[in-house]
Amino acid sequence: MSVNDHPTTTEATKAIVVYPDLVFKEALRRDPQARLEEAIGLAQAINLDVVFSEILHLKKMRPATLIGGGSVETLKGIIDHHNVQLVIVDAALTPGQQRNLEKAWATKVIDRTGLILEIFGERARTAEGRLQVELAALTYQRSRLVRSWTHLERQRGGLGFIGGPGETQLEVDRRLITDRITKLKRELETVKRTRALHREARRRVPYPIVALVGYTNAGKSTLFNKLTSASVFAEHMLFATLDPTMRRVKLSSGREIILSDTVGFISELPTQLIAAFRATLEEVCEANLILHVRDIAHPETENQCDDVHHVLKDLGLEIAMETHMIEVLNKIDLLPASEREHIHSTPSQVPVSALTGEGLDDLIKAIEQHFARDHKPYHYVLKIEDGAALSWLYRHGEIVERKDGEETITLTVEMSDKDTARFQKEFGYSSLGDLPKSLSS
């Protein structure tokens, strides 16, 4: 049974959440209370009934159980008292530590990676999303081969564990998982090629891509809905949406862009998930502009920002972060007035409230300015009947001046070098008023 399956239609799975605070690793510490609350939010995101939570301050790690023997005994009493069916340890547990805790507590135990994988397994809706989640989860499961975490049985098409103990069974399990991982990687390569074809088609249109990235629950989907008038699922919960969504948006200047809403990031995002979702995150790599949406009202906003930057750097986007990224400081409506007055809009940083719509005009203006700053004026003389070329220039550039003659149209248009090259390749026109040879005769 998955951790998010319900024993009955009315009774949710009871869980407790503990966060081992490694006080001896001072340089790596985050605010323990904020971290515990985030873990509780993750549990609640898959409808678990969290009946108890606690911060465990560790002076040292125990190789067998991570936490001390006294904490193990104390939590055993709490588990029995509340009839708890699941314990979430918000840390990375080794397979041995997980098995030892399950034996001591006589209940199911998962760590932070397992919990995030459960959420992704619950939320993925598209075929690609399900493939990515299954690949990540099987990669994680292969190193453990424990029967307590069986949420993948239904995803593996019935290829669950075959009964029977012993080393032979472990070998069978390992072979089944390895074979399935190999098949999933082949299927995802097909998805990757399909995405590449779609991106190539968009380049031929083309509309600039604007990708939303940010820490989970920063408000990306709410902002996406506001800007596109779409109805992407947006809720005050962690990982409210996983599958990427793209919509065309027309800006006030008439320029059209494609806005892409991507999966949210989180601290200690499992490496299996980063690898599995790389095909999806390639949309961010291909983007002409990145909007980094931050929950500016969150007490850990700076640490969350660092986590997002870390993932973006892993994707090789250091240069894009400096030249093609706007920070969207979301949820300013939750800030006290004394803090809000110190936040000002700049071309690279825009305070907004996606919920109320405040600051969205400034954000759109910043997007416009970003695409306009690389634009230069080009001069063209078009044959008057060449409507396709004229329409293309209106869609992809900003017409500064136009003069209609009896046989030609003289235009000054501001465009990027990239769009200028595309225009010349598709229609044969070069700038400075030259006509293509096919039309000059």
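The values are calculated or read from the model by the stated rules, or taken from the named source; none is laboratory data. Predicted model, so just to flag it, every value in this text is computed and none were measured. A quick note on method: Cβ atoms are made from the backbone with ideal geometry, for glycine too, and the neighbour counts reach across all protein chains shown. Side chains included, ligands, DNA and RNA excluded: accessible areas come from the protein's heavy atoms. Shrake-Rupley method; radii C 1.70, N 1.55, O 1.52, S 1.80 Å.
Data overview
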| quantity | calculated |
| --- | --- |
| The stretch 64-134, accessible surface, carbon-and-sulfur percent (1.4 angstrom probe) | 53 |
| Ordering of 366-379, 113-126 by burial proxy (mean other Cβ atoms within 10 Å per residue, highest first) | 113-126, 366-379 |
| Under 5 Å, built H, 5+ apart or other chain: amide partners of VAL50 | ALA15 |
| Local electrostatic count, ILE384, Cβ distance below 15 Å [Lys/Arg +1, Asp/Glu -1] | -2 |
| VAL109 long-range amide H proximity, modeled H, under 5 Å | VAL87 |
| Alpha-carbon centroids, the stretch 403-429 and the stretch 49-77: separation in whole Å | 69 |
| Interchain or long-range residues, amide H under 5 Å from LEU355's placed H | LYS331 |
| When the convex hull of its Cα atoms is projected in every direction, mean area for the stretch 33-115 (nm²) | 5.1 |
| Equivalent ellipsoid dimensions for the stretch 79-149 as semi-axes, Å, which come from the Cα gyration tensor, largest first | 24, 14, 9 |
| Sites HIS342 and GLU37 - FRET efficiency at Förster radius 30 Å, r taken between beta-carbons, to 0.05 | 0.70 |
| Equivalent ellipsoid semi-axes, the stretch 308-441, via Cα gyration tensor eigenvalues times 5, rooted, Å | 42, 18, 10 |
| Area projected by the alpha carbon convex hull of the stretch 338-395, averaged over all directions, nm² | 6.2 |
| Ranked order, LYS250, LYS365, LYS59 - accessible area, probe 1.4 Å, largest first | LYS59, LYS250, LYS365 |
| Radius 10 Å from Cβ of SER416, net charge of other residues (Lys, Arg +1; Asp, Glu -1) | 0 |
